[in-house]
1. Modelled with pLDDT of 95 or more, surrounded by fewer than 19 Cβ atoms within 10 Å (Cβ to Cβ), closer than 15 Å to MET40 by Cα and not aromatic (Phe, Trp, Tyr), is that true of ASP139?
2. Please work out which one of (1) within 14 Å of the chain's Cα centre (by Cα); (2) loosely packed, with under 12 Cβ neighbours inside 10 Å; (3) closer than 23 Å to ASP134 by Cα is the condition SER34 fails and give its number.
3. From the set of residues in the range 142-162 that are of a type in the set (D, E, K, R) and under 19 Å from GLY20 (Cα atoms), which is surrounded by the most Cβ atoms within 10 Å (Cβ to Cβ)?
4. Six or more apart or on different chains, Cβ under 8 Å: which pairs go from a residue in the range 11-26 that's free of Cβ contacts under 8 Å to residues at least 12 places away in the same chain and closer than 18 Å to GLU159 by Cβ to one that's surrounded by 15 or more Cβ atoms within 10 Å (Cβ to Cβ) and not aliphatic (A, V, I, L, M)? Could you list them?
5. Kindly indicate whether any position in the range 56-71 is crowded, with 16+ Cβ neighbours inside 10 Å, out of contact with any strand residue (DSSP E or B) (no Cβ under 6 Å at 6 or more places or on another chain) and assigned to a loop (DSSP other than H, G, I, E, B).
6. Among the residues of the range 40-53, is any assigned to a strand (DSSP E or B) and touching a Ser or Thr at 6+ places or on another chain (Cβ under 6 Å)?
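The values are calculated or read from the model by the stated rules, or taken from the named source; none is laboratory data. Quick caveat, the model's predicted, so the values are computed rather than measured. As a convention, Cβ positions derive from the backbone with ideal geometry for all residues, glycine included, and neighbour counts pool all protein chains shown.
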Amino acid sequence: MAIGSTILVFTVQLADVDRGVYEDLTLRVARHPSETDAFMLTRILAYCLECREGIEFGGGVSTAYEPAVLTKDLTGKITAWIEVGSPDAARVHFGSKLADYTAVYTHRDPQKVLASWDGKTIHRADQVVLRSLDPKFIDEATRAIERRNTLSVSVTEGELYFELNGTSLVTTVQSHDVA
């Protein structure tokens, strides 16, 4: 018998001053048995940092044709393809051809992610956004995860102020050139 996903609830206060996005969100996150806490938290942060109309969690690890996070317009067309972790170049290429906007959020060494893409074809690579979160920040933050969570995410001038269930952390969201 297969093990099912674990559902976690995150009540989020989002204040992204850099983009002018202020939202109160309730996210029900299905954590696949093969998904690490670090991947799941990076997925949640990608959702928050890309929050816009039509955003939703994709099938991710269980669906080959959807990213971890995506946005759709009113017709159902995917307009933003947002991957998490260290996807292979072919997956980023596919997403970049399908959507107008493509981003990757990683909790891994961004230089290793970029090295794995080196010499491979990625559609509109110069427009793909790669953002990294400090692995130490992610490790500390995952220790505070519970089944029901209260999360505050504030972004100003590239600095991410994060509070999860009383644990407060600060990190910088780094951007990297893909092409």
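1. In short, yes.
2. With (1) within 14 Å of the chain's Cα centre (by Cα); (2) loosely packed, with under 12 Cβ neighbours inside 10 Å; (3) closer than 23 Å to ASP134 by Cα applied to SER34, the lone miss is (1).
3. Here the residue is GLU159.
4. TYR22/ASP16
5. yes
6. No: the range 40-53 contains no residue that is assigned to a strand (DSSP E or B) and touching a Ser or Thr at 6+ places or on another chain (Cβ under 6 Å).
Matching residues to (1) in contact (Cβ under 8 Å) with a residue 60 or more places away in the chain; (2) surrounded by 14 or more Cβ atoms within 10 Å (Cβ to Cβ); (3) part of a strand (DSSP E or B):
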residue: SER96; (1), (2), (3): no, yes, no
residue: TYR105; (1), (2), (3): yes, yes, yes
residue: LYS112; (1), (2), (3): no, no, no
residue: ALA115; (1), (2), (3): no, no, no
residue: HIS123; (1), (2), (3): no, yes, no
